[in-house]
Each structure stands twice: as C-alpha cells, then as structure tokens.
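Notes follow the structure.
The values are calculated or read from the model by the stated rules, or taken from the named source; none is laboratory data. The model shown is predicted, which means the values in this text are computed figures rather than measured ones. Heads up, the Cβs are rebuilt from the backbone with ideal geometry, glycines too, and the neighbour counts pull from every protein chain shown. Note: areas computed on protein heavy atoms with side chains; ligands, DNA, RNA excluded. Shrake-Rupley method; radii C 1.70, N 1.55, O 1.52, S 1.80 Å.
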Amino acid sequence: MAGTRFPMPEGTTRIGRAPDNDVVVDGSDSSTVSLHHVEIRNDDGACHIRDLASTNGTWLNDQRITDAEISAPAIIRLGRQGPEFAFVLEEAQPAHLDRTIEASPSAAQIPAAGASTASTYEELVSSAVARARRMRRHGVGGQTMTIMRGLIDQALKQAHRRFRIIGYSLLAALLAVVSISIWKIAALRREKSAIDTHIRQIDAELQKAGEGMDTGNLLSQLSDYSKEGESLQRSLLYRLSSAHDEGDFVTRELRSVMAEFGAEIYSIPSDFIDRVNHYIEQDRGPDRPILARALGQSGAQLQTIRRILQKEQLPADLAYIPVVESGLEPGQASAAGAVGPWQFTVVTAKTYGLRVDGQVDERKDLVKSTVATCKYLRDLILDFGAGSSVMLALAAYNSGTTTVKRAVSHNVRDPINQRSFWYLYRARALPRETREFVPRVFAAILIGRNPQHFGFDPPSARP
C-alpha cells in the first residue's frame with residue numbers, strides 16, 4: 001500500500017481490515033490491524049482521531065492514543081510496529097471527475113495586469129475561486145489546478161522584485177533544512193549501526209558462554225544497548241527516513257508475530273533466528289509430510305482450533321502448537337502418556353475438565369481438548385503476567401510452570417528483566433528441550449502464515 005493516498009472528506013473516515021471500512025488494510029500489512037481499528041472525524045477542517053478499542057492500539061506521532069486532536073503533518077501507526085499513514089494537507093480533489101477540460105487563462109477570467117498591485121491580487125484570487133465553483137456546479141471537475149496555474153502565471157508577472165527575493169530566501173531556507181535533515185539521518189544510521197554491532201558482539205559472547213556461567217554483566221550491557229536502540233527508533237526523523245533495517249523475510253515475519261504476542265524486542269537473538277530457520281528447513285525437508293498434511297488434509301481442524309482461540313481472546317497462531325506436538329493426529333500418544341492433538345497428560349486433562357477413564361478419553365476430542373487448552377494457556381499467561389507472558393506460557397506449556405518459575409527466580413539480580421522470555425533465553429536459564437520447542441513452533445507459524453513463500457500449497461488450493 002506504500003504511496004496510496006486516501007482523501008479525508010467531511011465526516012468520519014474509518015480504517016481497519018473489514019471490507020466495510022473507508023480505508024481497508026489487507027495483505028501482509030494487516031497483521032496488527034483490527035477489523036475496525038481507528039476513525040478520523042473531519043469537522044470543517046478540524047480533525048479528531050479515535051481508537052476503536054483495537055487489539056494492538058493506535059499511535060499518533062509515537063504516542064499511544066485513544067482520542068486526540070490531529071493536525072498535519074502527523075504519523076499514524078496501527079499497532080506498535082504496524083502499518084503507518086502520513087497525515088498531510090494537500091489540495092482536495094473535486095467530487096465529480098466525469099469530465100475534464102483544458103481552461104486557458106482567459107477562460108478563467110483573470111484580470112488584466114494594469115490594475116493596482118493589491119487590488120489585482122485580490123481580484124485574481126476571487127476570480128479564480130469563483131470560476132472553479134461555477135465549473136463544479138456545472139458538473140465539470142478536475143480544473144482547479146489548471147485555473148490555479150493560470151492564476152500563478154499572471155500573478156508572477158505582476159509581482160515586485162522584492163517578492164521574488166522572499167521566494168528565493170524561502171527556497172534557500174528549505175534547502176538548508178533538507179541538508180540538515182539528511183545529515184541527521186546519516187548520523188542516526190551510523191548510531192544504529194554501532195548499537196547493532198555491539199548487540200551482535202554481546203550475543204556472540206553469550207552463545208560462547210557455557211550453561212551455568214554468570215552472564216549477568218553481558219545481559220545488563222545488552223539491555224542498555226537495546227534501550228538506546230528503542231529510543232532511537234522512536235525519533236520522528238528516524239521513522240520518516242529510510243533508515244530502518246528490518247532484516248530478512250524470516251526476521252520481519254518474526255517481528256510481526258512478536259508484536260501480536262506482545263513480545264516485541266529491539267533485537268531478536270541471532271541464535272533464536274538460526275533455530276527458526278533450521279526448523280523451517282526441516283519442515284520443508286524430512287518433516288514436510290507432517291506439515292503438508294496439517295495445512296492440507298487437516299486444514300479444517302486447524303481452522304477450528306484458530307476460531308476457538310480467537311473466541312477465547314488468545315492469539316490464533318497458537319493453533320500451531322498441536323501441529324508441532326502431534327501433527328493434529330487425535331490418537332497420537334507419547335512415551336510419557338500424553339495423548340491427543342494437544343498432548344495432554346491425564347493429570348492436566350482432568351484438572352481442566354476433560355474426562356479420562358476406561359470408557360472415554362476426551363483428550364482425543366479436538367473441540368473439547370482445545371477449549372481445555374485455552375483455559376490452561378490463559379492461566380499460564382495470567383500467572384506470569386510479564387510483557388512477554390505469551391512466550392513464557394509457550395515455554396511453560398513444554399517444560400511445565402514449575403520449571404519456568406524456577407528459571408525466573410534462579411537469580412534475583414535483575415527481577416524485572418528476568419520475567420522476560422528473551423532474558424531467560426539468552427541466559428540459557430530454560431531447559432534445552434524448551435529452547436528448541438519455542439523456535440520449532442515459530443517455524444510452523446511462519447510457514448502457516450506464508451505457505452507459498454515456503455513452497456507449500458496456498459489455503460485456496462487445499463481440499
């Protein structure tokens with residue numbers, strides 16, 4: 001949608017994913033956009049913007065808002081890292097564009113140049129406006145620019161030399177501002193490059209550190225650099241520049257999913273991205289039949305799970321947990337006695353209301369086991385209650401709540417950051433199996449969201 005323009009008429013303009021919006025955001029840009037996300041009310045040139053209780057919020061000039069006045073120029077962002085709109089002032093297009101004519105200066109009734117300077121300028125403007133209005137009343141649109149060009153040409157001929165000097169001065173000032181902006185943008189790019197280099201170096205040192213080693217100092221340095229990077233990204237000049245370094249396709253998609261999960265981070269650990277890429281290649285290679293069946297033959301089951309998750313106000317992409325756990329096979333059983341698509345143990349299943357006895361095993365029932373899982377995931381998310389609680393809940397789903405809590409409380413030197421999944425991941429405080437399980441789920445999520453990109457059949461081609 002880059003470069004697309006949307007006029008703001010009188011009244012209310014609504015933006016969102018639903019087709020009944022005035023501005024419809026769809027495709028890859030829509031991951032953080034709600035069905036009805038935000039509306040802008042134009043009352044005779046005075047504009048107000050109001051968030052429509054969207055899931056991921058609305059930002060105006062990097063400030064989250066619910067209801068605010070808006071004036072140009074401004075940047076509107078749907079979600080913390082979602083699509084952006086520039087709110088600008090420009091000449092409005094006429095309402096009727098069914099006919100176009102070429103109007104000469106004489107047709108626009110521009111006065112002769114012999115009148116006095118002050119009265120002539122006033123007459124020039126009044127005549128041009130009246131001419132444009134008459135043409136619109138007669139159903140002829142698209143002539144405003146033609147009339148104004150004639151007006152400007154005539155006015156320039158009558159302008160005094162001192163007005164030209166003012167124009168040149170304004171042009172020189174504009175060039176100076178542009179030059180300073182270019183210099184500042186280059187400085188921001190250099191600063192960001194330096195921050196990213198430091199973070200990569202610290203990540204490399206963390207990967208070399210063995211399990212059990214004290215990495216608190218490295219993690220503290222990394223946190224400081226990440227805060228600097230986040231502060232830089234909030235700069236309006238940075239947002240308006242092309243200084244963004246979004247990385248490759250997998251990294252961009254990971255950031256999009258993290259934004260939906262509320263687990264945004266300035267720099268995703270490089271080894272996490274490596275493991276996601278590893279499992280993507282595995283899913284495209286030796287494990288391809290499992291994922292192809294889940295996206296194809298079992299596509300209806302996957303959609304059923306997504307609908308239940310959405311109804312329970314949970315991220316729909318968590319539907320790929322059972323794809324990894326069981327390949328959506330209801331009769332799948334593990335060596336530890338976990339059964340069903342979600343691989344529930346007997347104890348957990350009964351805790352969340354499933355019947356498991358000699359006659360019935362509701363762990364194999366797709367709908368009932370998914371409803372029970374929603375209750376379980378909700379309890380995990382509320383239990384951890386941190387900024388990346390969905391990620392911690394995902395880790396706990398694999399290794400158990402007790403294991404994750406033990407990792408959080410293992411070292412109380414940094415109690416706030418330690419409640420972040422990314423802190424625990426970088427500190428290698430989680431079991432190795434869990435450190436592999438989470439990127440494996442994300443590999444399935446990325447393929448499910450972009451099947452054609454990774455060589456799988458699109459949803460419309462599935463039976």
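A few points about this structure:
- Label-point separation, I182 to V88 (7 Å along Cα→Cβ), nm: 1.9
- Long-range amide H partners of A74 with built H, under 5 Å: F87
- Between amide H atoms placed 1.01 Å from N, distances below 5 Å from C47 occur with I70, all of them 5 or more places distant or on a separate chain.
- The slack in the chain from I75 to Y352, taken as 0.36 nm per residue of separation less the alpha-carbon distance, amounts to 95.2 nm.
- Theoretical gain in end-to-end length, H36 to R64 [0.36 nm per residue, Cα-Cα removed]: 8.4 nm
- Entry note, region 261-399: relative contact order of 20 percent, from Cα contacts under 8 Å with a spacing of 6+ residues.
- The 1.4 Å probe gives accessible areas that order T55, T12, largest first, as T55, T12.
- Rounded FRET efficiency, nearest 0.05, which uses the C-beta distance separating A172 from E230 and R0 of 35 Å: 0.45
- Residue-span extension gain [D379 to Q282] - 0.36 nm each, minus C-alpha spacing: 31.7 nm
- Taking every C-alpha pair closer than 8 Å and separated by at least 6 residues, the mean separation divided by the residue count of region 1-87 gives a relative contact order of 22 percent.
- Region 266-414 - accessible surface per residue (Å², probe 1.4 Å): 46
- Label-point separation in nm, S193 to H48, each point 7 Å along Cα→Cβ: 4.7
- All other residues whose Cβ lies under 12 angstrom from that of V24 are scored, Lys and Arg at +1 and Asp and Glu at -1, for a net of -2.
- Each residue of region 322-337 was assigned a 3J(HN,Hα) from its phi angle through the Karplus expression (A = 6.51, B = -1.76, C = 1.60, θ = phi - 60°), giving x, 4, 6, 5, 9, x, 6, 8, x, x, 5, 10, 9, 5, 8, x Hz with x at Gly and Pro.
- Pairs exceeding a 18 Å alpha-carbon distance, out of K192/K227; K184/K227; K208/K405: K184/K227; K208/K405.
- Projected label distance in nm at E433 and I165, using a 7 Å step from Cα toward the beta-carbon: 8.4
- Applied to region 427-436, the Karplus parametrisation 6.51 cos²θ - 1.76 cosθ + 1.60 on θ = phi - 60° returns per-residue 3J(HN,Hα) values of 7, 6, 7, 9, x, 4, 4, 6, 5, 8 Hz, with x for Gly and Pro.
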